[in-house]
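The values are calculated or read from the model by the stated rules, or taken from the named source; none is laboratory data. Bear in mind the structure is a predicted one, so any value in this text is a computation, not a measurement. Here the Cβ positions follow ideal geometry from the backbone for every residue, glycine too, while neighbour counts run over all protein chains shown.
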Amino acid sequence: MTQQGLFLTFEGIDGSGKSTQARMLADHLRNTGHEVVLTREPGGSPGAEEIRNLVLQGDPDRWSAETELLLFTAARRDHLERTIEPALAEGKVVICDRFADSTRMYQGLSRGNLRAAVDQLHTLMIGREPDMTLLIDMDPDTGLSRAKGRQGVEERFEDFGPDLQRRMRAGFLDLAKEFPKRFRVIDGNRDVDSVAQDVTDIVGTSLR
Ligand code: ADP
Ligand code: TYD
């Protein structure tokens, strides 16, 4: 597996601790001699970062759900071509904070009922799944309060109420059942170091 690289993604509701855990895992793997590319979506390549600003900033009604789906997919295609695939071809470990499962959830479930279109576009334009997806499962109220604690301009999606956060949590757990081979569910309702220990134990089994 190492020769062709290893593609790991973190998923979960806003504020579940994905970015924190992705950073800690990247540090751990670098310290143990692996070449790591830590990246994120939307974004992760210059063009995709520009699209990130379009989708995450501004009025919540700025885009229809369909247009938003196209923008996220365009960003992912650029990220895949320019960052992810080249790194995997060089045998690196790619750690990505969110990927296609976020589109299945946010555009497929919460912002529109577009799951069929999400899947069709994915097959047509992306056609790749991670080797392993770490789902940080989190109590929705805690996640919401953590996410709201952050100040910034990327607020288009963060006015989600508690009901939607609950549906998203359930939706991610359903996705884990839909793709049981690559999903690992981690209890995120613990201190940062306990969660990180689980993450390194699980990923360790995939790295020789
Ligand atoms: P995400 O990327 O899933 O939105 P972050 O990693 O940015 O989540 O974490 C959201 C906030 O919660 C940050 O302020 C972070 O420092 C804090 N945080 C992350 N993990 C934990 C944890 N296990 N316990 C308490 N706070 C945490
Ligand atoms: P992110 O910066 O990871 O937010 P957070 O740290 O709060 O988890 O992602 C920004 C938002 O973009 C997040 O609310 C989820 C949303 N998103 C989608 O709607 N579709 C997608 O395909 C992706 C990758 C993200």
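Couple of notes before you dig in:
- Filter pass, Arg62 being away from ligand 2 (no atom under 14 Å from the Cβ), basic (Lys, Arg) and more than 18 Å from the chain's Cα centre (by Cα): no
- Of all residues in region 52-87, those satisfying the criterion of being surrounded by fewer than 20 Cβ atoms within 10 Å (Cβ to Cβ), more than 10 Å from Pro42 (Cβ to Cβ) and among the aliphatic types (A, V, I, L, M) are Ala65, Leu70, Ala87.
- Residues located in region 175-194, provided they are touching a residue at least 12 places away in the same chain (Cβ under 8 Å) and in a loop (DSSP other than H, G, I, E, B): Phe179, Arg182, Gly188, Asn189
- Test: Val203 is touching a helix residue (DSSP H, G or I) at 6+ places or on another chain (Cβ under 6 Å) and in a helix (DSSP H, G or I): no
- Residue satisfying all of: in region 1-40; of a type in the set (Asp, Glu) and either part of a strand (DSSP E or B) or in contact with a helix residue (DSSP H, G or I) (Cβ under 6 Å, 6 or more places away or on another chain) (or both); farthest from Arg76 (Cα to Cα) among these: Asp14
- Out of Met125, Met138, sole residue that is among the aliphatic types (A, V, I, L, M) and within 13 Å of ligand 1 (Cβ to nearest atom): Met138
- Subset of region 156-166 that is loosely packed, with under 15 Cβ neighbours inside 10 Å and either charged (D, E, K, R) or at pLDDT 90 or above (or both) - its residue that is nearest to ligand 1 (Cβ to nearest atom): Asp159
- Selection from region 94-116 of residues that are of a type outside the set (D, E, K, R), at pLDDT 95 or above, within 13 Å of ligand 2 (Cβ to nearest atom) and surrounded by fewer than 18 Cβ atoms within 10 Å (Cβ to Cβ): none
- Residue check for Thr83: more than 20 Å from Arg23 (Cβ to Cβ), away from ligand 1 (no atom under 16 Å from the Cβ), β-branched (Val, Ile, Thr) and not in a strand (DSSP E or B): no
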